[in-house]
Structures are given as C-alpha cells and as structure tokens.
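Only the coordinates and a few stated rules stand behind these numbers; no lab work does. Quick caveat: nothing in here was measured; it's all calculated off a predicted structure. With ideal geometry, Cβ positions are generated from the backbone for all residues, glycine too; neighbour counts draw on all protein chains shown.
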Amino acid sequence: MRQVLEWCQQHATLMEWLVVLSLLMFFGTILVVPVLVARIPDDYLIRDRHAPNTFPQRHWVLSALWHLIKNVLGVVIMLAGLAMLFLPGQGLLTILIGVMLIDFPGKRRLELWLIRRPSILKAVNWMRGKAGRSELLLK
C-alpha cells in the first residue's frame with residue numbers, strides 16, 4: 001500500500017488529470033446518456049434492418065466519412081464506458097450506446113445481450129419513461 005501512495009505522490013499531475021477526467025465522464029454521462037437513451041426508437045431491437053440514412057448516401061466520400069466518424073465516436077464512447085466500469089459513471093449504459101454506433105458483425109447479438117441484462121433494461125426503460133417515451137420492444 002505504501003508503494004501505491006508513493007507512486008501517486010510521484011505522479012500527482014497524472015492523478016489530478018485522472019480525477020478531472022473521471023468527474024467529467026461522470027457528469028457527462030449523467031447529462032448525455034438519458035438523452036441518447038430516449039432517442040432510441042422503440043422498435044430498434046426488433047427491426048430486421050435499420051432504415052438507411054439518406055444524408056451520407058449522396059456521395060461515396062460523404063458515406064465513407066460518415067461511417068468513419070460514427071465508428072470512431074462509437075469506439076471512444078465504448079472505451080469511456082469500459083473506464084466507467086471502474087470509475088464513477090454509467091458504464092454498461094455507455095458501452096451499450098457506443099456499441100449501437102459501431103458497425104461490426106455480431107452487433108445485434110451483443111446489443112441484445114447487453115439490453116437483456118435486467119439492471120440495464122430497467123435503467124433504460126426508467127430513463128425512457130422519464131422522457132415520456134415508451135419502453136423498448138424486445139424479441
């Protein structure tokens with residue numbers, strides 16, 4: 001334990017930045033996650049295919065850029081969610097939102113596995129209820 005305290009004292013600036021980052025993620029998720037959860041369409045998890053977004057399909061460069069930005073943002077949000085499993089914040093809900101943004105094989109299975117966890121489904125539907133939205137429909 002003494003070695004840990006010494007290491008923290010030697011890296012005081014790093015520890016300060018970690019505290020600031022942790023607080024930002026905590027308060028950021030408290031504000032942003034409920035808004036994003038409320039925006040999920042009720043039938044998102046029972047649709048076979050999602051409606052295509054017409055904006056990025058106008059030109060292949062825009063489409064590629066859109067997918068790149070969306071996937072990078074999803075990875076960043078997912079990594080923040082993983083960090084929040086150990087730091088203050090809504091880790092699993094943040095991971096779920098990050099997964100919803102990323103395109104990869106097996107995405108639907110992972111989304112369903114996450115949302116079917118009783119604590120996650122209860123939290124998601126509670127947030128949706130507070131926003132005046134109906135509960136998510138599950139298969």
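Structure notes:
- In this label model, Leu82 and Ser119 are separated by 2.0 nm, measuring between points 7 Å along each Cα→Cβ vector.
- The equivalent ellipsoid of the chain has semi-axes of 32, 20, 13 Å, largest first, where each one is the square root of 5 times an eigenvalue of the Cα gyration tensor.
- For the stretch 82-122, the fraction of alpha-carbon pairs in successive 5 Å shells from zero, as %: 5, 24, 29, 24, 14, 3, 0
- Backbone geometry of the stretch 58-72 corresponds, through the Karplus equation with coefficients 6.51, -1.76 and 1.60 at θ = phi - 60°, to 3J(HN,Hα) couplings of 5, 8, 5, 5, 4, 4, 5, 5, 4, 5, 5, 4, 4, 6, 5 Hz, x marking Gly and Pro.
- By the Cα gyration tensor, the stretch 66-139 has an equivalent ellipsoid whose semi-axes, rounded to whole angstrom, run 20, 16, 12 from largest to smallest.
- Qualifying lysines (Cα of each under 18 Å from Cα of Lys107; at least 8 residues distant if same chain): Lys70, Lys139
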